[in-house]
Structures are given as structure tokens and as C-alpha cells.
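Taking it in order: structure first as C-alpha cells, then the write-up.
The values are calculated or read from the model by the stated rules, or taken from the named source; none is laboratory data. The shown structure was predicted, so the numbers you read here are calculated from the model rather than taken from an experiment. Glycine gets a Cβ as well: all are built from the backbone with ideal geometry, and neighbour counts include every protein chain shown.
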Amino acid sequence: MTHINTRCIQSGWKPKKGEPRVLPIYQSTTFKYDTSEQMAKLFDLEEPGYFYSRLQNPTNDFVAKKIAELEGGRQAILTASGQAASFYAVFNICEAGDHFVSTSALYGGTFNLFQVTMKKLGIEVTFIDQDAPAEEIQKAFKPNTKLVFAETIANPAGNILDIKKMAEIAHKNGVPLIVDNTFATPIHCRPFEFGADIVTHSTSKYMDGHACALGGVIVDSGHFDWSAHTEKFPGLNKPDESYHGLIYSKTFGPDAYITKATVQLMRDLGSMASPQNAFLLNLGLETLHLRMQRHCENALKVAEYLEKHPKVAWVNYAGLKSSPYYELVQKQFTNGLTCGVIAFGLKAGKENAIKFMDSLQMIAIVTHVADTRSCVLHPASHTHRQLSNEQLLAAGINPDLIRLSVGIEHDSDILADLEQALALS
Ligand SMILES: *Cc1c(COP(=O)(O)O)cnc(C)c1O
């Protein structure tokens, strides 16, 4: 296996003689066949092949392959957004009457999806504190629990997941661990190496990295043995009526999970990534390793600056020596590097947080995070405003929390903007 930095550039599309050097965009909804029988075999999943871009498209597949190789996984599927990736990852193995366990320190959109929308589909969630002891977390499991969901680095609170601990708890209960690895990216953490079974991403963040294309991805390690739990996972182990009684785990073995997500969920629900967006995502991936390093270097300088600033009450950045997660970060993250996102609060509280943000000149207020440009957001009044104060605290979000996404501008300009805005607040 080549170095991960090389994989960012070389994995995925590998042109043969006379083919384009750069990944082509297969801007086509459909694909041509010579006989009716050839097409029929595709519909019966007897032969692999492209027939309609709602299910599969070559551009998307080359990019998915690259991401699978970055994560050290077996197979991957691109989705239209990170939300679609989270939904499909869960819905691929849960149905009405099922239950799952999720950490409460979560991206706001995921929290709403799990708490409100999944409930309408008859799927119940129990939120847990990921830092609680294993015996405490164990209490959340029920006979109908189908999976555990968590974020490597929680957005926006910055809590770091002990992946090994959580994978052990999940496996003891015969269920997979799904990890949203958006903030760490495979450059700094590969959850499969610590026992996670499935990884999701909002590629809209660091992977695309330029805030130009929404997208998501689900990567399967291929390690979870679905057929060892026939009754728990009927969707993968019982005949699928919509394919003449095909059984995914039997026919596709370790490819069962991604195949089912492709030929069943994508077929029925859509949410396919557009090939154009997949192309843009691939461009982003080519520099992911360079950008992640600079994001982290800049963020550490900013976090150290904020920590010393008299107007700053607290800073949550796992790269800081003072962080309670510092030890775990050294074990779980490449070179101890995490991401460019910092959470902090001002001594003067929520009101001043708004004043501070409005005083920034270069650092923009946007509903985004993890792209080249430094930006800032106040979760309690923006992304997480639907949450009650109790839910905010459970998600690790103080009402005064400012989420600062440190970009890859020169650090002196980022620090100067913070300095002048802090002086005014
Ligand atoms: C943004 C985000 C999502 C949702 O992704 P979209 O691409 O915006 O749909 C999911 N998880 C995390 C950690 C995120 O930051």
C-alpha cells in the first residue's frame, strides 16, 4: 500500500492507454447496451454494470474508491450530502421497530435526523455520553439495538471519541460501530484501525475543502459479519422481495452492506451524488493532506493564542496540551494532529460572543466549517438553534460556544483579525 499522501493523488481513476489523464465526468443519466438480455441481467444483479446514474455512475465510483483506499476500507458509496450518508448508513440496517445508540455530542443536523425524523420512521435512538464508563453506556442497549453511532471529533464541541472503547462496547452487543469521521479525515484518523466497522463523512467539509460541493460518503470496512447475526439484521440476511428473493450477505459476502445501500436504498430513495460534484470532490481530495496539515498548524497557534487571552473564558481544542483528550489524541491521530476547528467561549458570555463575531473583518460568519477560508459560527443561535438548553448541554454546547474554523490563510492575518475583534468586544 502506498503512503496516504500519495493515495490522495493517485488512487481511484487509473487511466489506460489513450484515456484522459484526469478523471472524466460521466455526465450521463444512462448507459447503452446491445441486447435486451444484457440489460435484464443488470436488473437481476447477475452481472455488474452501469445502467442508470440514480444507482451508480463511473465518476462517482472512482472517487468512492479513492476514499475507501484513504480510509483503509473495502468499499464506499458517494451520497448527495453528509446528511444522506448518515441516514443511509443507519437505515441500511435499521427498520421500524428497531433501536440504536448514538453519542449525544453530534452535529446538529444529525441530532435532528436521529431524534425527530428517524422516530417518525419508527426507529428509536438513545443518546449517551461518550465519555461515560463502559458499564454506564451498556445500559442504553436493548434487545432490538442495531448499531452505535458516534463522531471521531464532535462538531462543534470538539470531544474526541475513544474509538477502540466504543467499538468494543458495540461488538460485545453484536452490533457495528458507525463513525462520522468528517472532522478528522482519514489523513489524521482512520477509525477502522481502532475497530470501527463503517465510516461516514460529510465530504462538503475538509474533503471537498473549498466549500463548493455538497456531498457525503459511506465507507464499509467489510469486517462486520452480518451473517453471524441473521435475526438481528434481516435486511442483509433475509430474501429481498424486490430482487426475486436475493440474500445480500449470501450473494455479496463482505460487499453486502454497500451493495444493499446502492441497489436498494439508492434505487428507492435517490440522494445520489452528481458526477459534477464528485469531480470537484476529487480535486479537493488531491490536496487534502496538504490542507489538513496547514489547518492544524494554524489552529494550534490560534488555540494557544486564545487560551492566553484575558477575555477568553475557555478553549476546547484537542491539540492543546491542556486538553483532557490530549493523551487519546496522541494514540489515535497521526502525528497528534486533529482538525482546524476550535470551540471557545468569552468571559463576557453569549452577548459578547455575537459582538465579537460581528467585529471580525476577514473571518466570515457563515453556516459552514472546514474549508480553506477561516469562518465562525455561534451554534446556539445558528446550526443548533432548534435544540433546548438541555439538549445543547448534552451535545457539549455551551450557549456561549463560538465555533471557529481556522482556514489556511497566513496565521498572522488570522491572529490579527481575532486580536482586533477581541479588543472591541
Ligand atoms: C456538515 C456535517 C454533516 C452533514 O453534512 P452535509 O454535507 O451538510 O449534509 C454531518 N456530520 C458532520 C460531522 C458534519 O460536520
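Taking the criterion of being away from the ligand (no atom under 11 Å from the Cβ), under 20 Å from the mean Cα position of the chain (by Cα) and of a type outside the set (Asp, Glu), the residues of region 128-156 that qualify are Ile128, Gln130, Lys146, Leu147, Val148. Among residues of region 75-86 that are in contact (Cβ under 8 Å) with a residue 12 or more places away in the chain, those with a beta-carbon under 7 Å from a residue that is of a type in the set (A, V, I, L, M) and in a loop (DSSP other than H, G, I, E, B) at least six positions away or on a different chain give the pairs Leu78/Ala273; Thr79/Ala273; Ala80/Leu214; Ala80/Met272; Ala80/Ala273; Ser81/Leu214.
Suppose we keep only residues that are of a type in the set (A, V, I, L, M) and over 19 Å from Ala76 (Cβ atoms) within region 210-231. Which one would you say is nearest to the ligand (Cβ to nearest atom)? Only one residue tops the list, namely Ala211. Checked against (1) more than 18 Å from the chain's Cα centre (by Cα); (2) closer than 27 Å to Leu214 by Cα, Leu106 passes all but condition (1).
What is the residue count in region 315-334 for residues that are within 17 Å of Ile163 (Cα to Cα) and either in the same structural domain as Pro186 (by TED's automatic domain parsing) or out of contact with any strand residue (DSSP E or B) (no Cβ under 8 Å at 6 or more places or on another chain) (or both)?
7
The requirement of being without any contact (Cβ under 8 Å) to a residue 60 or more places away in the chain, among the aliphatic types (A, V, I, L, M), in contact with a Gly (Cβ under 6 Å, 6 or more places away or on another chain) and outside any strand (DSSP E or B) is satisfied by Leu300. Which ones in region 55-84 are of a type in the set (A, V, I, L, M), crowded, with 22+ Cβ neighbours inside 10 Å and over 22 Å from Thr287 (Cβ atoms)? The answer is Ile77, Ala84.
Filter region 327-337 down to residues that are more than 14 Å from Cys296 (Cα to Cα) and either surrounded by 14 or more Cβ atoms within 10 Å (Cβ to Cβ) or small (Gly, Ala, Ser) (or both) and give me whichever is nearest to the chain's Cα centre (by Cα). Only one residue fits best here, namely Gln332. Residue pairs whose Cβ atoms lie under 6 Å apart, separated by 6 or more positions or on different chains, with the first residue in region 209-233 and assigned by TED's automatic domain parsing to the domain that holds Phe183 and the second away from the ligand (no atom under 16 Å from the Cβ) and assigned to a strand (DSSP E or B), are Asp220/Gln75.
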